[in-house]
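Q: Sharing a structure, written as structure tokens. Questions coming.
The values are calculated or read from the model by the stated rules, or taken from the named source; none is laboratory data. Every value quoted in this text rests on a predicted model; they were computed, and no experiment measured them. Reconstructed Cβ throughout: ideal geometry from the backbone, glycine too, with neighbour counts over all protein chains shown. Please note that ligands, DNA and RNA were not included when accessible areas were found on the heavy atoms of the full protein model with its side chains. Shrake-Rupley method; radii C 1.70, N 1.55, O 1.52, S 1.80 Å.
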Amino acid sequence: MALERGAGPLGIQIQDQLRAAIRDRRLGAEERLPSTRRLAELLGVSRGTVVDVYQQLLAEGYIEAAAGSGTRVAAIPSGLPARQPPDIVAASASASASASSTGPAEADFGYGIPDLGSVPLTDWSRAVSEATRTLPTAELGDEDPAGSRHLRKVVTAYHRRVRSGCAVAEDAVIVSGFRQGLAFALATLARHGIQRIALEDPGPREHDVIARRAGLDAVPVPVDDHGLDVGRLHQSGARAVLLTPAHQCPTGVALGPSRRRDLVAWANEVDGVIIEDDYDAEFRYDRQPVGSLQGLDPARVIALGSVSKTLAPAIRLGWVLAPPRFVAGIVEEKRLSCRGAPGLDQEALALLMESGRFDRHLRRVREIYRARRDVLAAEAEAAFGPGRLHGLAAGCHALLRLPDGASERAVVATAATLGVRVNGLGHYRFAAADAEAEPDPRPPALVLGFGNVSEHQIRRGIRALATAVQHQSRPLRNDNPTPTH
Ligand SMILES: Cc1ncc(COP(=O)(O)O)c(C=O)c1O
């Protein structure tokens, strides 16, 4: 760990940091810990200190030692406080990965969190204050479950202007972020007779949990260097698909032009629906962002937008832009679940977007992300050689290919001991939970989110990752598809 040296004996500090990593599952059950000698070297402490730490954690049940296989993290007893219900842990730890964890870190490469230091709080507070002064009194008591008409007009105008969409206010439902929009859209599709949805593999594993809760059967469809494999989508038997065309999560590829056309052709052929997670679309560095699929086929595409990346996840506002036949169903889901979105916040967001300050904020953070991305590229090349970083054309995460034979799990576990939080690509694979899924043909890789890490942290983090790759126990075969946290 780049041991965060605080007050008190070193051994106690190491213990506390390891315990915290196991409790919040940055170190998962059965992950192998470095030998006492190796950890002592890495931390610059005496071996005796680490032996004492391990003995203490063994006694407390956090870790276990098995003859011949070193020291491993024990399965966490169910009574132990977990950050999330166990059935969701494996699926969801990827999204907004670990930024909410409390332990000290050299670098947190969890993806999905924007630069929290840049959230335009002054602009937001000005917009909230204006909303409280100007919102008609009647609207304080009479919320529309579809969302405020003002915000629906503003977000659809924004989507037309910035994302080349073609939705109008009547097509929009305001929701509490992408996930809620997804859950409501899927519940509505289920009521329209759609039974199976295809999900990108690799992709965030909580999406299949959300799909199952909505009553749909979720099937994986592989992603290759051009995005979702539409040929395989045809074979899947699904009539709906959820995908991230602008910047695939987590591989970072953009859906290729012919794939976009093939996808729309597929939807028309099977009378299907494309759910577009318009994720990372605002942050394209090499060219204008590719337009939203919704603009390509508004009758077949449900577009989901959110300000979690462009402003902050805590604002919890997003939108669903749906073909007219689904709008009433989605509005009804919203009404039954929570009656509507917060009126003052909706008005504040509408005012912020209309004022031009939202666009100004995007221009500013785009430059911050561009600079971080450049540092990441340079550091990764220096540490691992050329051509190892992929998916950098857009967004705030990239894929770092590890040397052949490297074990994602071992690198992730060792990186955690060095204070670096990161996920392996296998963490996003369906194969992690499905013994019948195909083995992962991809070489081992790490998913590096760089939205909320400073350039300084990126430098330190990449160097620590290089150390982790050097020191991992290798080769561990066939272990890459297994979840790491
Ligand atoms: C793939 C993907 N889409 C969208 C989002 C935004 O989700 P929400 O609006 O629910 O915060 C995230 C954030 O974690 C994500 O990982």
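Q: How much of the accessible area of the chain, in percent, comes from carbon and sulfur atoms when a 1.4 Å probe is used?
A: Of the solvent-accessible surface of the chain, carbon and sulfur hold 50 percent.
Q: At a Förster radius of 56 Å, what calculated FRET efficiency corresponds to the Cβ-Cβ distance of GLU269 and ARG5, to the nearest 0.05? Numbers along the way, then the final one.
A: On the way: r = 62 Å, r/R0 = 1.10.
Plugging the Cβ-Cβ distance into 1/(1 + (r/R0)^6) gives 0.35.
Q: Let me ask something else about it. In deg cm²/dmol, rounded to 500, what helix-only [θ] at 222 nm does the chain give when every DSSP H run of at least 4 residues adds -39500 (n - 2.57) and the total is split over its residues?
A: -13000 deg cm²/dmol
Q: Peptides 382-388, 356-362: what's the order by average Cβ count within 10 Å, highest mean first?
A: For the peptides 382-388, 356-362, the packing ranking is 356-362, 382-388.
Q: Counting Lys and Arg as +1 and Asp and Glu as -1, what is the net charge of the other residues whose Cβ lies under 14 Å from the Cβ of LEU296? Present the calculation step by step, with values, prior to reporting the outcome.
A: Numbers: positive: ARG160, ARG163, ARG259, ARG260, ARG261, ARG300; negative: ASP262, GLU276, ASP278, ASP297.
Around LEU296, the surrounding residues sum to +2.
Q: Starting from the amide H of HIS397, placed 1.01 Å from N in the peptide plane, find each other amide H under 5 Å away whose residue is 5 or more places distant or on another chain.
A: Correct list: PHE450.
Q: Step through the residues of segment 197-206 one at a time and calculate ³J(HN,Hα) from phi using the Karplus curve (6.51 cos²θ - 1.76 cosθ + 1.60, θ = phi - 60°), rounding each to whole Hz and writing x for Gly and Pro.
A: Residue by residue, segment 197-206 yields 10, 8, 10, 5, 10, x, x, x, 6, 6 Hz.
Q: Taking the solvent-accessible surface of protein heavy atoms with a 1.4 Å probe, what is the per residue accessible area of segment 121-355 in Å²?
A: Solvent-accessible surface per residue comes out at 38 Å².
Q: Let me check I've understood the local charge: for ARG388, count other residues with C-beta under 10 angstrom from its C-beta, Lys and Arg +1, Asp and Glu -1. What total comes out?
A: Counting the neighbours of ARG388, the net charge comes to 0.
Q: Also, I was wondering about something else. Based on the alpha-carbon gyration tensor of segment 121-355, what equivalent-ellipsoid semi-axes (square roots of 5 times the eigenvalues) come out, in whole Å, largest first?
A: One finds semi-axes of 30, 20, 15 Å for segment 121-355.
Q: Among rounded, prolate and oblate, which fits segment 223-337 when a ≥ b ≥ c are the square roots of the eigenvalues of its C-alpha gyration tensor, a/c under 1.5 means rounded, and a/b larger than b/c means prolate?
A: On the way: a/c = 1.92, a/b = 1.09, b/c = 1.77.
In terms of gyration-tensor shape, oblate.
Q: Still on this structure, please answer the following. What is the extension gain from VAL51 to CYS338, computed as 0.36 nm multiplied by their sequence separation minus the C-alpha to C-alpha distance, in nm to one decimal?
A: Length difference between fully extended and current span is 98.1 nm.
Q: Could you tell me the distance between the Cα centroids of segment 1-51 and segment 367-436, to the nearest Å?
A: Measuring centre to centre over Cα atoms gives 23 Å.
Q: I need the shape label for segment 202-279. Rule: rounded when a/c is under 1.5, else prolate if a/b > b/c, else oblate, with a, b, c from the alpha carbon gyration tensor.
A: In terms of gyration-tensor shape, oblate.
Q: Explain nothing, just the number: dipole magnitude of the chain about its Cα centre with +1 on each Lys and Arg Cβ and -1 on each Asp and Glu Cβ, in debye rounded to the nearest 20.
A: 660 debye
Q: Efficiency by 1/(1 + (r/R0)^6): what FRET value for GLU170 and ALA67, r their Cβ-Cβ distance, R0 = 60 Å, to the nearest 0.05?
A: On the way: r = 68 Å, r/R0 = 1.13.
Efficiency for this residue pair is about 0.35.
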